[in-house]
């Protein structure tokens, strides 16, 4: 548009064109002027002078030749001389920018200042709420006979009382369902974080596939465990291989090795100070499987007593009046519901809620009764981990124990930890 104005000389039009570009496109001219300054020993010249010199060089280049070229060359030389003889400004370089950008920056600075003032005000209000007895009172020598008896216990309780407990669930595929049931039962009780550490198709026998003793040590290192819930055994109807020797299911040596692994697992949990609840195995549909699960329940009950661990039987809880398997039963509200899945081993969501009813009752009773004591040095699992576990529970607890958890025995591929039909297993 500038070249259509007859009132403008070519040099004025060039100036207008550069002004419209905001001095932002003269990188080549600025580089040229900077080179001159470096050679003249004035490399620290302010940005304003560099842009002025670039403007003159651009004008000289655009005018081409003739008297204008000579005049602009003279102006460039004068500008260079001016830069050389003038003192270098110590002030910060002047930033030329469109008004809209300047306004946006000013608005952002004002907003940041407002937010900072609001935060300072909120912090001041919070500080004002700190009880003087805790924050400011200096110690005073008071005779023991005159000291109020209630002061020391109240202050101690305020320091060590724990309001959040981590309930960590360990186990196989039944452990997945137990975790889901406990999560459902305790989700509205803000005292508890229910954390899942179960793993499908695992047990104490196949350490080559998954080593529970190593896994629980890692969990104890990175997670605060206040309450541990354990259910295991459905995948352990297998021969134990130890130091190249094979020991058939439920033989004396098998029981010795298996018991040692259970004790090792329990010792790791006890070392954390956690309250441990070992859940007995429920009634099963298959008579053979049911018989083996009763044997495992006896093993776990004996070792729980040996290690001073709470054992919670569940067999009769989900059996019929004759102590036999029943797919249907009453839920927590007393309504008749399908409680077992089609494999005769796992449960529906209503079934898991009923299975863990004794577990959650025991947990609440022990917490309310002070059996599970607070550990002042054991802060709850990091907020991020606990919240992630709770959010995961909200998304997936509905499907645990249903179609997503059909028992792996349906496939029974050789070599899996849930395949008890391999050589050496007892039937």
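Binning the alpha carbon pair distances of the stretch 244-295 at 5 angstrom intervals from zero yields the distribution 4, 16, 16, 19, 19, 16, 8, 2, expressed in whole percent. For the stretch 234-273, the ratio of Cα radius of gyration to the globular rule of thumb 2.2 N^0.38 Å stands at 1.34. FRET efficiency for the residue 267 to residue 287 pair, using the beta carbon distance and R₀ = 41 Å, is estimated at 0.75. Sorting 338-344, 110-116, 321-327 by average packing, meaning the other beta carbons within 10 Å per residue, from highest down gives 338-344, 321-327, 110-116.
Computed across the stretch 318-366, the Kirkwood hydrodynamic radius from all distinct Cα-Cα pairs reaches 11.3 Å. Between residue 368 and residue 209, the FRET efficiency estimated from the beta carbon spacing at R0 = 41 angstrom works out to 0.55. A simple spin-label model places the labels of residue 327 and residue 187 2.7 nm from each other, with each point 7 Å out along Cα-to-Cβ. Using the average count of surrounding beta-carbon atoms within 10 Å as a protection proxy, the listed peptides 285-292, 229-236 rank, highest first, as 229-236, 285-292. Shape class of the stretch 175-262 from the alpha-carbon gyration tensor: prolate, with a/c at 1.5 or above and a/b greater than b/c.
Each peptide in 355-365, 172-182 receives the mean, over its residues, of other Cβ atoms within 10 Å, and ordering these scores from highest gives 172-182, 355-365.
None of the figures in this text is laboratory data; all of them are computed from the coordinates on show. Since this is a predicted model, take the numbers as computed values, not measurements. Cβ sites come from the backbone with ideal geometry, for glycine too, and all protein chains shown count toward neighbours.
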